[in-house]
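Where a number appears in this text, it was derived from the coordinates with a stated rule and is not lab data. It should be emphasised that the depicted structure is a prediction, and the values quoted were computed from it without experimental measurement. Methodologically, a virtual Cβ is constructed for each residue, glycine included, from the backbone with ideal geometry; neighbour enumeration extends over all protein chains shown.
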Amino acid sequence: MDQQQTQNIEQATEQFTDSTQQVFRTLADRTVALQESNLRLTQNFFQNWIEQVHNRAQGVREATQTLQEQGQRQREAVETLGQEGTNAYSEFLNSALSFYQEALSTASQAAQSNMQRGAEAFQQGVQAASQATQQAVAASSQAREQAAQDAETSNGRRRGSRSSS
């Protein structure tokens, strides 16, 4: 083989190596970008879900407040009717309404407490998912850097073997 052919082979090998490195870099960059996009998408999904949970909790609170107000109005109406009726009938209705309001208040407090616990547990899940995704992005970046280093090392060996030939 003459020197021109050897030089052409070396040049083709170098171009192939450079091309391969570029492909791997592009692939690694796109993988990282995709993972970052997935992270943002996941975070947006969970943030929207949390907002919906908070909105629903607010709706439950408002409905509970409305029910309490309606209960209060009903109690006042019953008291007015009870004043016109017998004292025994009035006491019976007042005790029934008080029981109703206590049960409603207890149920409301339990619902609010459960919603808050659910939102906290969900937030912890979001944080865990976010951390896992960030770790995956970091691992992908390390793999890309390792691939680039391996490719450069491979180029260095080829150049070293050419210079010793």
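Taking +1 at the Cβ of each Lys and Arg and -1 at the Cβ of each Asp and Glu, which of GLY59, TYR89, LEU104 sits farthest along the dipole of the chain towards its positive end, judged by Cα position relative to the Cα centre? Result: GLY59, furthest along the dipole toward the positive end.
Quickly estimate the mean residue ellipticity at 222 nm for the chain, helices only: each DSSP H run with n ≥ 4 gives -39500 (n - 2.57), and the total goes over all residues, rounded to 500.
Details: 2 runs with 160 residues, N = 165.
Value at 222 nm, helices only: -37000 deg cm²/dmol.
Taking Cα atoms only, the orientation of helix 87-164 departs from the longest principal axis of the chain by about 0 degrees. Once the Cα atoms are used to define both axes, helix 3-84 deviates from the longest principal axis of the chain by about 0 degrees. The residue among TRP49, GLN11, ASN114 whose Cα reaches farthest toward the positive pole of the charge dipole of segment 3-147, with charges on the beta-carbon of Lys, Arg, Asp and Glu, is GLN11.
Can you tell me the dipole magnitude for segment 3-147 around its Cα centre, using point charges on the Cβ only (Lys, Arg +1; Asp, Glu -1), in Debye to the nearest 20? Numbers along the way, then the final one.
Values: 9 positive and 15 negative charges, 40 e Å.
For segment 3-147, the charge dipole is close to 200 debye.
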